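S.K.: Before I ask anything, here is the structure I am working with.
The values are calculated or read from the model by the stated rules, or taken from the named source; none is laboratory data. Because the structure is predicted, anything quoted here is derived from the model rather than measured. With ideal geometry, Cβ positions are generated from the backbone for all residues, glycine too; neighbour counts draw on all protein chains shown.
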Amino acid sequence: MCVFKKEIEGKQIVCCFSKTDYLVDKILIDNEGLCIFHSKNEAWKNENNFIFHLEKLICYFEEDSTQKNIFLEDIIFTTSIDKIFSDREFKKDIKFNNSKFNVNLTFKSSRFKNLDFNSAIFDKPVTFSDLSIKGIMFDNAAFKLKLFISDCDFFNGFFMLNTHFDGGFSILNSLFHSNCFFQNIITNMDKSIHDAIIFKNIEFKDFTTFELSEFNSVVDFKNIIIYKELVFHNTQFNYDEPLPIVSSVTFSQINIKEKGTLEFRGISDNKMFNKVQNVSFVGEEIDGKLFFENTDFTKFNLLTRKRLISATKKKNAKVVIGIGCIKYYNQTPLKSIEISDDNQSLVIELCNTFVDYFTKNAGFNLGVEFVSKTNQYINFFYFSDEDISYEKFENQLQKSEQAMWRLIKIDNDNLSAQPPKNHLPSKIINATDTIVNLLGLVLKIGSRIPLGLISKEDILHLVNTTLPSNIRPNNAIMINQIVLFGTKNTQTIKIKKIE
């Protein structure tokens, strides 16, 4: 009798292969009391023809009508079983749960019902090619070396939950007819380009997820057809080594069908792609939807980033860039200003005035993106694609904001404007244009006061919160005085001559 035991949820499980109703002949036992299936002694198993006994066991399960499955659980495979599982059709599900494969494993040109490799351990490379499989499960399995799948059809589901890889894996030229769960996968391989994660020439017919998976190697998706949802939710791409030719993450020739969606959703404190060197996204065909949320677009090259951002602005856009995305090298936190719909144009005008002034005065590009507007709120942020540190970007914003407000002030009971002295003509023109825009804004605010469309509190809120920097208190007081003074009907505007 085999002494093999294991415990599942407090219940003792013993060797099932030793039971007389399983095998006609008495089962062989090694010197440690383990049967030929559970024994770890490779030489002893080979001497006693392990393959012969395995074939006999499989035939028993196949021929016994009372057995719904072929149970090969907890077996230690020390000899190649490739011939047994190649060029063959199996009519029953096969359970390899908790088995260990100490040799290369190759299944080729066979037809299977369901294959269950949950919690299996693969010490050597695994290859599945030219297979028709109803469903397959690798939950909690561990691959010490590479997994290679090619030219396979999976009809009723593909499951890799909490699966660990110490080597890369490739899936090529295959068709997934039903749901696929590549979820919580962890790749522990060394950061080598040779251990890439590759999906090439694949059709995903149904829902597919890579949620919470962690990829520490190069990842390459090429020529992928998506019919329903394919989602990367809080998926981590961690390959941060510089590569001379290829990108850390590549999506090329991705075809999203009319009812298909490709989603990338990071989280606010862990943006999608934030840890990799670069991302390549080329040759996409989108008839469905491409969606991003909490994604770091600065890892895309500039042309790709501009192409995707531009696609979001088209009518009936098929590319959607949602909340929390970093589209640019530098961007300010999202600003949300509570202001009525009638006065939102004032926010937009002040933003654009500052953007124009900053670009010409500081010598760096700056833009403003209005994310959303409601009857009571307007949401936006400032951005720049200049390759400078955020600290320098933030510092330049503050300097330019203070310099812009110094162009107008209260002088002898008049609202006074004064362009800078002794500057290049381009600087003077920039300042003059900005002064005209600011004074025009003051007058527009003033026209709303007698109509009751804007209050003193609204004006202060507009001026103090629209621009990117945190204005110092003394500066804030000065700016508020200018705007409130400028809205009086009796004021005059004085522009000093340039000396």
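S.K.: Suppose the filter is farther than 27 Å from VAL463 by Cα and of a type in the set (D, E, K, R); does LYS327 pass it? Before you say what the answer is, go through the steps one by one.
M.R.: Values: farther than 27 Å from VAL463 by Cα: no; of a type in the set (D, E, K, R): yes.
So LYS327 fails the test.
S.K.: Only one residue in LYS146, LYS124, LYS200 is touching a helix residue (DSSP H, G or I) at 6+ places or on another chain (Cβ under 9 Å) and closer than 29 Å to VAL246 by Cβ, so which one is that?
M.R.: Details: LYS124 fails: touching a helix residue (DSSP H, G or I) at 6+ places or on another chain (Cβ under 9 Å); LYS200 fails: touching a helix residue (DSSP H, G or I) at 6+ places or on another chain (Cβ under 9 Å).
Exactly one of LYS146, LYS124, LYS200 is touching a helix residue (DSSP H, G or I) at 6+ places or on another chain (Cβ under 9 Å) and closer than 29 Å to VAL246 by Cβ, namely LYS146.
S.K.: Being surrounded by fewer than 15 Cβ atoms within 10 Å (Cβ to Cβ) and in the same structural domain as LYS146 (by TED's automatic domain parsing) narrows it down to one residue among LYS26, LYS56, LYS113, LYS91; which is it? Spell out the reasoning first.
M.R.: On the way: LYS26 fails: in the same structural domain as LYS146 (by TED's automatic domain parsing); LYS56 fails: in the same structural domain as LYS146 (by TED's automatic domain parsing); LYS113 fails: surrounded by fewer than 15 Cβ atoms within 10 Å (Cβ to Cβ).
Unique residue meeting the criteria: LYS91.
S.K.: Residues in region 364-409 that are in a helix (DSSP H, G or I) and either under 26 Å from the mean Cα position of the chain (by Cα) or among the charged types (D, E, K, R) (or both): how many?
M.R.: Step one: filter region 364-409 for residues in a helix (DSSP H, G or I), giving 390-405.
Next, from what is left, pick out any that are either under 26 Å from the mean Cα position of the chain (by Cα) or among the charged types (D, E, K, R) (or both): 390-392, 394, 399, 401.
Counting residues in region 364-409 that are in a helix (DSSP H, G or I) and either under 26 Å from the mean Cα position of the chain (by Cα) or among the charged types (D, E, K, R) (or both) gives 6.
S.K.: Filter region 147-158 down to the residues that are crowded, with 20+ Cβ neighbours inside 10 Å and either assigned to a strand (DSSP E or B) or aromatic (Phe, Trp, Tyr) (or both) and list them by number.
M.R.: Here is the first cut: in region 147-158, the residues crowded, with 20+ Cβ neighbours inside 10 Å are 147, 149, 152, 154, 158.
LEU147, ILE149, PHE154, PHE158, listed by residue number.
S.K.: Which strands (runs of 3 or more DSSP E) does region 28-146 wholly contain that include 1 or more residues that are of a type in the set (Asp, Glu)? Before the answer, list the steps.
M.R.: Numbers: elements: 69-71, 93-95, 105-108, 111-116, 126-129, 132-137.
Passing ranges, in order: 93-95, 111-116.
S.K.: Now, a different point. Report, ordered by the first and then the second residue, all pairs with beta carbons closer than 6 Å, sequence separation of six or more or different chains, a first member in region 432-461 that is assigned by TED's automatic domain parsing to the domain that holds VAL355, and a second member that is among the polar types (S, T, N, Q).
M.R.: Listed pairs, sorted by first residue: ASN437/THR353; ILE445/THR487; GLY446/THR487; ILE449/THR487; ILE454/ASN343; LEU460/ASN480.
This table checks each residue for (1) of a type in the set (Val, Ile, Thr); (2) not assigned by TED's automatic domain parsing to the domain that holds THR261.
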| site | (1), (2) |
| --- | --- |
| LEU302 | no, no |
| LYS306 | no, no |
| ALA311 | no, no |
| LYS315 | no, no |
| ASP342 | no, yes |
| VAL347 | yes, yes |
| LEU366 | no, yes |
| PHE370 | no, yes |
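S.K.: Still on this model: Go through ALA476, ALA431 for me and flag whichever is at pLDDT 60 or above and surrounded by 14 or more Cβ atoms within 10 Å (Cβ to Cβ).
M.R.: Numbers: ALA476 fails: at pLDDT 60 or above.
Checking each option against the conditions leaves just ALA431.
S.K.: Let me ask another. How many residues are out of contact with any helix residue (DSSP H, G or I) (no Cβ under 6 Å at 6 or more places or on another chain) and hydroxyl-bearing (Ser, Thr, Tyr) if we restrict to region 27-60? Lay out the reasoning, then the answer.
M.R.: Step one: filter region 27-60 for residues out of contact with any helix residue (DSSP H, G or I) (no Cβ under 6 Å at 6 or more places or on another chain), giving 27-29, 31-35, 37-38, 40-60.
Still in the running and hydroxyl-bearing (Ser, Thr, Tyr): 60.
Total meeting the criteria: 1.
S.K.: Can you tell me which residue within region 2-14, out of those that are on the phi < 0 side of the Ramachandran plot, assigned to a loop (DSSP other than H, G, I, E, B) and free of Cβ contacts under 8 Å to residues at least 40 places away in the same chain, is surrounded by the fewest Cβ atoms within 10 Å (Cβ to Cβ)? Step through it out loud before you land on a result.
M.R.: As a first pass, look at region 2-14 and keep what is on the phi < 0 side of the Ramachandran plot: 2-8, 11-14.
Next, only the ones that are assigned to a loop (DSSP other than H, G, I, E, B) stay: 2-4.
Filter again for free of Cβ contacts under 8 Å to residues at least 40 places away in the same chain, leaving 2-3.
Numbers: CYS2: 22, VAL3: 13.
Looking at residues that are on the phi < 0 side of the Ramachandran plot, assigned to a loop (DSSP other than H, G, I, E, B) and free of Cβ contacts under 8 Å to residues at least 40 places away in the same chain, I get VAL3.
S.K.: Could I ask something else about it? If a residue must be more than 22 Å from the chain's Cα centre (by Cα) and under 14 Å from ILE133 (Cβ atoms), how many such residues does region 163-184 contain?
M.R.: Selection size over region 163-184: 4.
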